[in-house]
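These notes concern the structure reproduced below.
Quick note: the coordinates plus some simple rules give every number you see, no bench work behind them. Note that this is a predicted model, so its numbers are computed, not measured. As a convention, Cβ positions derive from the backbone with ideal geometry for all residues, glycine included, and neighbour counts pool all protein chains shown.
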Amino acid sequence: MTENVIAENIAAIKKDIPENVTLVGVTKHRSVEETQAVVDAGVYDLGENKVQEFLAKVDEVKGPVRWHFIGHLQRNKVKYLMGKVSLIHSVHSVPLLKTIEKESAKHGVKTNVLIQFNLAKEDSKSGFMAEEYEMVMKEVGNCPHLEVQGLMCIGPMTKKSDEIHKVFKHLKELYDTIEKEYHGENIKMQYLSMGMTDDYPIAIEEGATIVRIGRKIFNR
């Protein structure tokens, strides 16, 4: 994988993405050298899925990087992210929420998070159900060391564009509801993270402000 291929792919992707949408380059399973090439091509928001992989790269990749944790996060790994990531996208349960609060307090930091919803209702995906949003926001009120900056979801496993539109549209509606009803001390909605390599154009149509793209950056 040459730096030129990565740079060319990123340039092509950026043409598809409006200026108000942040491209998070997903660098899971990629080497430090490949990850550095992404940064050198002008993508400073990097997404990692595994804590161990993130820790192996965080001090090696140079540049004004903003690290995003986008994978399934185990509670016993939370402490390793404290003070090192700009945004945790995948807060999928109340116990995880409470663990991040506890570890943030212990480390003396405020942690920015997105609440993950499973609007496709697929067993293979983590996240809250739409009807749980009020309960989640009340729990957030007890977490002064967190700042909820928006919502995240993973699109449904289908090629039917109408079903993908439906899920992303639903997340945007949920985002708007939460922003209207709960905006306050530690709920400051600004990010809607949805859309990956196969469905990011649909996500952008439905209001995404962050898209998470990996494969399309690295494919020849």
For this session: Go ahead and collect, in residue order, the members of the stretch 92-125 whose backbone nitrogen is under 18 Å from a label point 7 Å along the Cα-Cβ direction of GLU163.
Result: 118-125
Seminar exercise, completed: The size of the Cβ-based charge dipole (Lys, Arg +1; Asp, Glu -1) of the stretch 137-190 about the Cα centre, to the nearest 20 debye, is 280
Exercise. What residues from the stretch 186-204 fall in the zone where the backbone N is under 19 Å from a label point 7 Å along the Cα-to-C-beta line of GLU173?
Worked result: 192-195, 202-204
Problem set entry | Relative contact order (%) - the chain, alpha-carbon pairs under 8 angstrom, separation at least six | 20
For this session: Give the residue from PRO18, TYR175, HIS107 lying farthest towards the positive end of the charge dipole for the stretch 3-218; charges sit on Cβ (+1 for Lys and Arg, -1 for Asp and Glu) and the dipole is referred to the Cα centre.
Result: HIS107
Exercise. Of the beta bridges DSSP finds with both residues in the stretch 3-218, what % are antiparallel, to the nearest 5?
Worked result: 5
Exercise. Dipole magnitude of the chain about its Cα centre, charges +1 at Lys/Arg Cβ and -1 at Asp/Glu Cβ only, in debye to the nearest 20?
Worked result: 540
Exercise. What ³J(HN,Hα) values, in whole Hz, does the Karplus curve 6.51 cos²θ - 1.76 cosθ + 1.60 give for the stretch 76-91 when θ = phi - 60°, with x put for Gly and Pro?
Worked result: 6, 9, 4, 4, 6, 9, 4, x, 10, 10, 6, 7, 9, 7, 10, 7
Exercise. Length gain on complete extension for the stretch LEU55 to ALA11, per 0.36 nm per residue less the alpha carbon to alpha carbon distance?
Worked result: 13.1 nm
Exercise. Rounded to whole Å and sorted largest first, what semi-axes of the equivalent ellipsoid does the C-alpha gyration tensor of the chain yield via the square root of 5 times each eigenvalue?
Worked result: 27, 22, 14
Exercise. Which of the helices in the chain, when you take each full DSSP H run, stretch at least 18 Å along the axis at their Cα atoms and have an average Kyte-Doolittle score of -1.0 or higher?
Worked result: 3-16, 94-107
Exercise. Projected onto the charge dipole of the chain (+1 at Lys/Arg Cβ, -1 at Asp/Glu Cβ, origin at the Cα centre), which of GLY141, GLY155, GLY47 gives the Cα projection farthest towards the positive end?
Worked result: GLY47
